[in-house]
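Each remark here refers to the structure printed beneath this line.
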Amino acid sequence: MNPDDGDDGPEAGAGAGEAAAGSSSAQGHPLEWRFAQVFGERAAGEDVQEVDIISAIEFDKSGDHLATGDRGGRVVLFERTDVRDNASRRELERQDAPIGRHPEFRYKTEFQSHEPEFDYLKSLEIEEKINKIRWCQTANNSLSLLSTNDKTIKYWKVQEKKVKQVSVMNLDNSRSIGTGTASSSSTSSSKALLPNGGCSDKASCLNSDILFPPGGYPSLRLPVVVASQDVNLVARCRRVYAHAHDYHINSISNNSDGETFISADDLRINLWNLEINSQSFNIVDVKPANMEDLTEVITCAEFHPTHCNTLAYSSSKGSIRLIDLLQSALCDNHSKIFEEHEAPGSRSFFTEIIASISDIKFSRDGRYILSRDYMTLKLWDLNMDSGPVSTFQVHEHLRPKLCDLYENDSIFDKFECCLSGDGLRVATGSYGNLFRVFGCTPGSTEATTLEASRNPMRRQIVNPTRPTRTLTSLARGVRRGGENQGVDANGNSFDFSTKLLHLAWHPTENSIACAAANSLYMYYA
């Protein structure tokens, strides 16, 4: 990825615009999204290399750093450049005052996290593609993160190292050149050489470019390593967690205790200690005794943001199970299950495929879980397992095309989802490099469609009238943003080859980072 800072984003009138956006946010009105930056933007008609396509995005807890992973096994880090204003920024946030500028990031460093491998026992190629990235707690001004491909998890530490130079030596090339070494070098070439590097002329046998004083040096001064003011960023792999999954790893998640994390594949969830890579503890195993009896697989797993004993995992049948590590060390039995029962007579060949949950996220306070299946976003309240509190239609307009989507495998695309830090909005991606932002407060009708480009509002889709919340719809939730047409405002059909699968919401601000192929776009409101 070639970093391309988007400094030509809208800056004029930003203060007034963001003040309006801030007030509208407080009132629950739709946010006005603006382009902020783009990294790795490709020119029109430029081919995208497969290895450059972004496959993971993650903000750190502070929001000052952003990490992306790609299909080539690389991890690229970005850092915020306006952090010098953070003190005043946080003060303004506490006072609910508008912030006068949008967050700006710059390229920090990148490193090769994973390489392609080959499992000789199973005759299986293991891709280097980064599936997930998760930030760990920082210490000593260093950055720590976990990255994983299909089989191996790695714990990386990135920190600044001062460049060291060797100085205070007896032999000084710069001084010797100025004292006539050039003339001595021409004569030394004719001297007879002895075995083992010896020379018949002791005065000039050390080096033809160094003037050795008659009688030698009175004392030998050992070289001294001196740290300069130059600083390099160094990424070092601290630990490798391998050989614990028979199936492809689909998710990793850090625990709030800062010491452990989980990794999940199709059939098992393992609990690791960050300091121990030689063993893990299997806490969930859904593998049946006979694989022919297998009816569902694990699709995603996530730790609760504050309760270190609680985690949730989703399944291909559209259910979310909440498990409590305090109840049992082996958590095959869940403490709660969240699922929406299908209406009678609505079952079809595609029902189970489109019900499969591709991503789940806890809200920052841990009260809600956001889930994404192929057709919808659903918001679940942990205290209410009768059904989702809200359902947001994302791909309802594609229902007549499910047969075509199945034929070209698009129906198996795994879209991610995210929540805003204040929990008032949710977002997810779609086809045609579009992503959608919904308001999830009671009574909100916000359903904004944006395009991952320098002009995010270019393909605004007119949203139909939303149903009002009624007592009968409270248990099942409110459906919003449905019945979108399969064409954009310009009448162009959606291109199913361009899809926005990965996006992340800044933890404290209304700022979204999303990936369109090899380009990283950032927007703010």
- Item | Any pair with Cβ under 8 angstrom, 6 or more apart, that starts in region 266-279 at a residue that is over 23 Å from Asp324 (Cα atoms) and of a type in the set (S, T, N, Q) and ends at one that is in a strand (DSSP E or B) and open to solvent by 10 Å² or more (accessible area, probe 1.4 Å) | Asn277/Tyr155; Asn277/Arg239; Asn277/Val240
- Item | Condition broken by Lys191, with the remaining ones in (1) open to solvent by less than 90 Å² (accessible area, probe 1.4 Å); (2) modelled with pLDDT of 75 or more; (3) not hydroxyl-bearing (Ser, Thr, Tyr) satisfied | (2)
- Quick one: Lys401 ticks every box in (1) assigned to a loop (DSSP other than H, G, I, E, B); (2) open to solvent by 60 Å² or more (accessible area, probe 1.4 Å); (3) in contact (Cβ under 8 Å) with a residue 60 or more places away in the chain except a single one, so which number is it? (1)
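Quick grid of which residues meet (1) at pLDDT below 95; (2) touching a strand residue (DSSP E or B) at 6+ places or on another chain (Cβ under 7 Å); (3) closer than 22 Å to Asn255 by Cβ; (4) of a type in the set (A, V, I, L, M):
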{"position": "Phe111", "(1), (2), (3), (4)": "no, yes, no, no"}
{"position": "Leu124", "(1), (2), (3), (4)": "yes, no, no, yes"}
{"position": "Lys132", "(1), (2), (3), (4)": "no, yes, yes, no"}
{"position": "Trp156", "(1), (2), (3), (4)": "no, yes, yes, no"}
- Can you run down the residue pairs with Cβ atoms below 6 Å, 6 or more apart or on separate chains, where the first is in region 58-69 and free of Cβ contacts under 8 Å to residues at least 40 places away in the same chain and the partner is assigned to a strand (DSSP E or B) and open to solvent by less than 20 Å² (accessible area, probe 1.4 Å)? Asp64/Arg80
- Query: Would you call Lys414 touching a residue at least 12 places away in the same chain (Cβ under 8 Å) and assigned to a strand (DSSP E or B)?
  - Reply: no
- Task: Take region 357-388 and flag every residue that is over 19 Å from Gly421 (Cβ atoms) and open to solvent by 30 Å² or more (accessible area, probe 1.4 Å).
- Result: Asn383, Met384, Asp385, Ser386
- Item | Glu352 vs. criteria open to solvent by 20 Å² or more (accessible area, probe 1.4 Å), modelled with pLDDT under 95, outside any loop (DSSP other than H, G, I, E, B) and under 30 Å from Arg399 (Cβ atoms) | yes
- Do the conditions hold for Ala56, that is, is it among the small types (Gly, Ala, Ser) and crowded, with 20+ Cβ neighbours inside 10 Å? yes
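The values are calculated or read from the model by the stated rules, or taken from the named source; none is laboratory data. Because the structure is a prediction, the values reported are computed rather than measured. Cβ atoms come from the backbone with ideal geometry, glycine included; neighbour counts cover every protein chain shown. The protein model used for the area step is the full one, side chains on, heavy atoms only, and it has no ligands, DNA or RNA in it. Shrake-Rupley method; radii C 1.70, N 1.55, O 1.52, S 1.80 Å.
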